[in-house]
Amino acid sequence: MRRPTTVEAMLLTTITLWALNLTVTRYILTHGFRPLAYTTVRYGIAALVFLALTLAAERSLSVRRHDLPLVGAAALALCVNQFGFVYALKTTSASVIGLILGATPIFAALLGLALRTERLSRRFWLGALISFGGVGLITAGAGGQLSGDLGGILLGVLTAATWGAYSVAIAPLMRRYSPSRISALVLSLTWVALALAGIRQTTAQDFALGWRVWALLLFATLGPLVVTNLLWFRSLHRIGPSRATLAANLQPFIGAVFAVVLLSESMSAVQVVGGVCIAAGIVVARRRSGAQVVPAD
């Protein structure tokens, strides 16, 4: 068996942390933290970390003037994405969110096609279909217990669509700037928007939540946000947003594994088959005849 490539290892680490973050965030939101207060604190810490790292290493946060609209678009997409994520996760089951997030590569690919930044082969679409079908099997394996109202489901769709838009907006910036510089700028702008929108929840928040909640929030910030941003950006630069987001379809399956280990939940045979289908779809889509990234002007 061949050894995983560097980009495969980065993607696996990223989606593993993201999968664990679903459980961690769900715990935090159900143990006292209000949604927008949580995102405000989390993104505030992450922005400070990236600002410190970038200024220490590069001594500059500047970007070219014609790149500012892309930076703003990425921050806007990420801000809306976080609104959808926290409220969808608070009102809808993880299995439903996992199913909906499986559509992320489709959104990324469609936007990439519209912007003429990617060319996608039939093999990619076949892989996306197989992978999305696998996510559906994982959800079906939950025994049909798909909780969540229409509003939560629509927020989940918004989360998937905005993550695809964020990945497409970030990709050309990664050809010209370091991951830490882009993260410092985008996360800082995102934090400003989240802080303004969530000021009422933050000021009314009771922060005496116990050490466990704060430890988990620190993990959710440094792991699934800081580390994954660096790894995700590098992956986007190497293979493009459509194939990178396709790999994220493994997240529901890994999340189910965490649920079995950490929450003593059961995993059905159908869910195992779904995980196999997701992996098969990724293999099909990443063959040489798959998506090609079109260089930016």
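The values are calculated or read from the model by the stated rules, or taken from the named source; none is laboratory data. From a predicted model like this one, the values you see are computed outputs, not experimental measurements. Here Cβ is always computed from backbone atoms with ideal geometry, including for glycine, and neighbour counts include all displayed protein chains.
Within the range 186-234, if we keep just the residues that are assigned to a helix (DSSP H, G or I) and charged (D, E, K, R), the residue that is farthest from residue 81 (Cα to Cα) turns out to be 212. Can you tell me which residue is nearest to residue 31 (Cα to Cα) among those in the range 162-208 that are more than 15 Å from the chain's Cα centre (by Cα), modelled with pLDDT under 95 and of a type in the set (S, T, N, Q)? By that ranking, first place goes to 180. Among the residues of the range 209-222, not a single one is of a type outside the set (D, E, K, R), at pLDDT 70 or above, out of contact with any strand residue (DSSP E or B) (no Cβ under 6 Å at 6 or more places or on another chain) and more than 24 Å from residue 39 (Cα to Cα).
Select, from 68, 61, the only residue that is at pLDDT 90 or above and assigned to a helix (DSSP H, G or I). Criteria check complete, one pass: 68.
Selection of the range 29-44 for residues being touching a Leu at 6+ places or on another chain (Cβ under 8 Å) and part of a helix (DSSP H, G or I) yields 29, 35, 36, 38, 39, 40, 41, 42, 43.
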